[in-house]
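Q: First the structure, which I've put down as structure tokens, then a few questions once you've had a look.
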Amino acid sequence: MNPRQQELAARIAGRRGAVRGTFRVWLHSPEMCERAESLGAFARFDHRARLERLYAEIPADRWVLPYDQGTGAELDLVRGLPEDRDVCLGVVDATVPGLEDVDTVMARIDAAAELKDIEDMAVSPSRGFADVAGRPLLTADDQRRKLVLVETIARYCWGNVF
């Protein structure tokens, strides 16, 4: 990595604990990486008006939101979502092979359900299983286990019938 990429990687790792997910790809283009980081900072803010404007300007019926770290910023994204929009919570980290604790995930979903009707929610992995086609971050078995965990969580939330 060149010095600018190293600086960005250190800054991202300092804020997030590590450089993972799409940031690893974006580091190849420091300009793109800085813009992505700025967009993330824009979405994780204390200014509700800006969040409302973001949701209003992008006409999506359902938002897929990261919800696998248990941060207040993730909950703020749900809190700011208009009532007429559905949300899909990315409840498992698709970049690490370890399985999340079901009780921890359910507690996070319970917190979101206090803000939004659970019938207007869905669950999924937090992102895709690969940054680049043909180079998955997890083995096929790890991916399968993650998807079974998402299904288990869905069954806890909405019962055995889909």
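Q: When S126 is evaluated against the numbered criteria (1) hydroxyl-bearing (S, T, Y); (2) closer than 19 Å to R24 by Cβ; (3) over 13 Å from the mean Cα position of the chain (by Cα), which criterion, by number, is the only one it fails?
A: (3)
This table checks each residue for (1) outside any loop (DSSP other than H, G, I, E, B); (2) modelled with pLDDT under 80; (3) of a type in the set (V, I, T).
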{"site": "L8", "(1), (2), (3)": "yes, no, no"}
{"site": "G14", "(1), (2), (3)": "yes, yes, no"}
{"site": "H28", "(1), (2), (3)": "no, no, no"}
{"site": "A49", "(1), (2), (3)": "yes, yes, no"}
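Q: While we're here: Filter the range 73-107 for residues that are over 22 Å from R20 (Cα atoms) and either outside the structural domain of L54 (by TED's automatic domain parsing) or in contact (Cβ under 8 Å) with a residue 40 or more places away in the chain (or both) and give the result.
A: Selection gives V102, M106.
Q: Answer with yes or no whether L8 is surrounded by 17 or more Cβ atoms within 10 Å (Cβ to Cβ) and over 20 Å from E114 (Cβ atoms). Before you say what the answer is, go through the steps one by one.
A: Values: surrounded by 17 or more Cβ atoms within 10 Å (Cβ to Cβ): yes; over 20 Å from E114 (Cβ atoms): yes.
Yes.
The values are calculated or read from the model by the stated rules, or taken from the named source; none is laboratory data. All figures in this text were calculated on a predicted structure; none of them were measured in a lab. Ideal geometry is used to build each Cβ from the backbone, glycine not excepted, and the neighbour counts take in all protein chains shown.
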